[in-house]
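Peer 1: Sharing a structure, written as structure tokens. Questions coming.
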Amino acid sequence: MGLVSRQDPHLQEVVWFAVCCRALTLLLQANFNPLFFFQALFNLLIPDHAADAFSPPRLSAPGLWDLLLERLLGGLSRWDAEHFLFIAERGYLYEHNCAFFPLYPLSVRAVAEGALWPLQWLLGLRSRLLLSAVLLNSLFSVLAAAALYKLGCVVLQCRRVAFLAAVLFSVSPANVFMAAAYSESMFAFLAFSAMWQLEKGQSWLSGLLFCLASGVRANGLINAGFFLYSRGKCFAFQLQVVSGSVRKLPPFWKELLSIASSAVLMCAIIFLPFALFQYYAYVRFCGPDAGLEQTVPKPLLQLALDKGYRLAATNGVKPPWCSQRFPVVYSYIQDAYWNVGFLRYFELRQIPNFLLALPVTLLGSWAAWTYIIANPRHCLTLGLERRKSEEEGKPRAGFCCPAVFVYVVHAMVLLVFGFLCMHVQVLTRFLGSSSPVLYWFTAHLLQEHEPLLWSEGTDNQTAAPHSEKSLLDKSPGSSGRGGTSENPVVRLLLGCRLITPLSKCILGFFLSYWLLGLILHCNFLPWT
């Protein structure tokens, strides 16, 4: 898709910085590295927590190389990563494994059996799966940063803010989940790429990428809203163009039918992976269980007995969801296993988790408020009213430009749903891997209020067209690997004593969540 271009030094810097951040993340989480003293200190002060999480037994004794790999990368196989690695190795053996969608574990298994096949003489399957997951997530997180930059350039019409947002993505507060064996990196890459292609008018390619994204995470279904809004906006604009002329009724209905049918078809494509996966789960857990007990190793059967995990229907006893009118295993698992539902997390003992989600909640709410205040009429008309600036081909640039509206709505839907209906502490990674608004808005704040980022001879309005002549638009030789000072995040960190309190709060949030996430998550302690 042409994500990396040698003609764009800013994109090269985005990719290079993303690679460096991913390497640093892997280095810091390892139990065996040049910073071993600090990691050992963390492990001494914060030993591995005996979490009541999914932890299936290893059925084969690990070899020397397996132990070494576990020491290097074992911190990235905690919590939900165990589910993904188990699914990649054993398939959907337990009912609650079906909360995790199949495309990511399938990709992990494919790489482990393909590209890493020569290592089978040194590493067991589980170790190759872990290595595969880390390599894939490293690749996807870098590509996601590049896709976010490309998307920002098209939507924001301001290369300066797009560049800063993409660089911030590489130090995301959800960074540990972009590196661990989770599906966030893959989803972010597919979602941002799909949004970019849709903005370019590549509807079918965008639909394919959105379809793949919905095979990675359930919240990919919400992305169908981008297609519905795009088709509806196109139709509304066409009506306004011809509002002053007389139009025959048959062509109007013909065009309406064409737009509606294309929107429905694209939405169906996006929903297809979800529907197929629910059907697969129904066949597996609600169908006959011929000899299942004999095909499951005894340690895994014992784990099911000890923990109360449900295997595929045994002795003719089917799970309760099988008899529902619409047998959807995903919603049943969220309800029965993790008590996910409307306001169910609103308990006094969950106050620490609400505090964990407070920064991203405030940022998301602030972003929406800022956009509404800057564009009240645009928001009231749902962005379906053609503006004179758009007709003249000179739309407003920056975070408050008209094109950002649908992304703000998307972010708010995720934020409100996550805050009211989910385990609230996951909001940071939920928004961080699904919506570009978190990064666009923080880049907007930094660019608007941080003098250190203002270029000479220009004001601090990132939306102004002449801001493109900033330090980011220097010759290709002035940025990239040889010019780390041109990286705005590096510049802010080097001048941390001079930056504004707002900049310190934003960078503090991003970097502290990055570091704390590594320390706590890799020691099996609860994190976002």
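Peer 1: Looking at segment 22-44, can you tell me whether even one residue there is closer than 17 Å to Asn137 by Cβ, open to solvent by 70 Å² or more (accessible area, probe 1.4 Å) and at pLDDT 90 or above?
Peer 2: Yes, that holds for at least one residue.
Peer 1: Additional query: How about segment 346-367: which of its residues are open to solvent by 30 Å² or more (accessible area, probe 1.4 Å) and closer than 29 Å to Leu445 by Cβ?
Peer 2: Within segment 346-367, Ile351, Pro352, Asn353, Phe354, Leu355, Leu356, Leu358, Pro359, Leu362, Ser365, Trp366 meet the criteria.
Peer 1: Considering only segment 77-91, I want to know if a residue exists there that is of a type in the set (Val, Ile, Thr) and at pLDDT 95 or above.
Peer 2: Yes; the residues of segment 77-91 include at least one that is of a type in the set (Val, Ile, Thr) and at pLDDT 95 or above.
Peer 1: Any chance segment 130-138 includes a residue that's in contact with a helix residue (DSSP H, G or I) (Cβ under 8 Å, 6 or more places away or on another chain), open to solvent by 40 Å² or more (accessible area, probe 1.4 Å) and without any contact (Cβ under 8 Å) to a residue 40 or more places away in the chain?
Peer 2: Within segment 130-138, one or more residues are in contact with a helix residue (DSSP H, G or I) (Cβ under 8 Å, 6 or more places away or on another chain), open to solvent by 40 Å² or more (accessible area, probe 1.4 Å) and without any contact (Cβ under 8 Å) to a residue 40 or more places away in the chain.
Peer 1: Which condition number in (1) among the hydrophobic types (A, V, I, L, M, F, W, C); (2) under 19 Å from Met178 (Cβ atoms); (3) not in a helix (DSSP H, G or I) is the one that Leu135 fails?
Peer 2: (3)
Peer 1: If you check Leu511, Leu452, Leu525, Leu494, which single one turns out to be at pLDDT 85 or above, over 22 Å from Trp16 (Cα atoms) and open to solvent by 30 Å² or more (accessible area, probe 1.4 Å)?
Peer 2: Every option except Leu452 fails the conditions.
Peer 1: Out of all the residues in segment 64-91, which are in contact with a Phe, Trp or Tyr (Cβ under 8 Å, 6 or more places away or on another chain) and either assigned to a helix (DSSP H, G or I) or among the hydroxyl-bearing types (Ser, Thr, Tyr) (or both)?
Peer 2: Across segment 64-91, the qualifying residues are Leu68, Arg71, Leu72, Asp80, Ala81, Glu82, His83, Phe84, Phe86, Ile87.
Peer 1: Against the condition buried (at least 24 other Cβ atoms within 10 Å of the Cβ) and farther than 16 Å from Leu106 by Cα, how does Ala213 come out, does it pass?
Peer 2: No.
Peer 1: Let me ask another. Scan segment 91-112 for residues that are open to solvent by 10 Å² or more (accessible area, probe 1.4 Å), more than 19 Å from the chain's Cα centre (by Cα) and of a type in the set (A, V, I, L, M, F, W, C) and jot them down.
Peer 2: If the condition is that a residue be open to solvent by 10 Å² or more (accessible area, probe 1.4 Å), more than 19 Å from the chain's Cα centre (by Cα) and of a type in the set (A, V, I, L, M, F, W, C), then Leu93, Ala110, Val111 are the ones that fit.
Peer 1: When you scan segment 332-340, do you find a residue that is open to solvent by 60 Å² or more (accessible area, probe 1.4 Å), under 25 Å from Pro173 (Cα atoms), in a loop (DSSP other than H, G, I, E, B) and out of contact with any Leu (no Cβ under 6 Å at 6 or more places or on another chain), even just one?
Peer 2: yes
Peer 1: Now, a different point. With respect to Gly220, determine if the residue is among the small types (Gly, Ala, Ser) and more than 17 Å from the chain's Cα centre (by Cα).
Peer 2: No: the conditions fail for Gly220.
Peer 1: Enumerate the pairs (first residue in segment 334-352 and under 16 Å from Asn219 (Cβ atoms); second residue anywhere and in a loop (DSSP other than H, G, I, E, B)) with beta-carbon separation below 8 Å, excluding pairs fewer than 6 apart on the same chain, so at least 6 apart or on different chains.
Peer 2: Final answer for the pair search is Gln334/Val340; Gln334/Gly341; Trp338/His423; Val340/Met422; Val340/His423.
Peer 1: Let me ask something else about it. Would a scan of segment 57-67 turn up a residue that is of a type in the set (A, V, I, L, M, F, W, C) and modelled with pLDDT under 90?
Peer 2: yes
The values are calculated or read from the model by the stated rules, or taken from the named source; none is laboratory data. In this text, all values refer to a predicted model and were calculated from it rather than measured experimentally. Neighbour counts are summed over all protein chains in view; Cβ atoms, including those assigned to glycine, are modelled from backbone coordinates with ideal geometry. Ligands, DNA and RNA are excluded from the accessible area calculation, which covers all protein heavy atoms including side chains. Shrake-Rupley method; radii C 1.70, N 1.55, O 1.52, S 1.80 Å.
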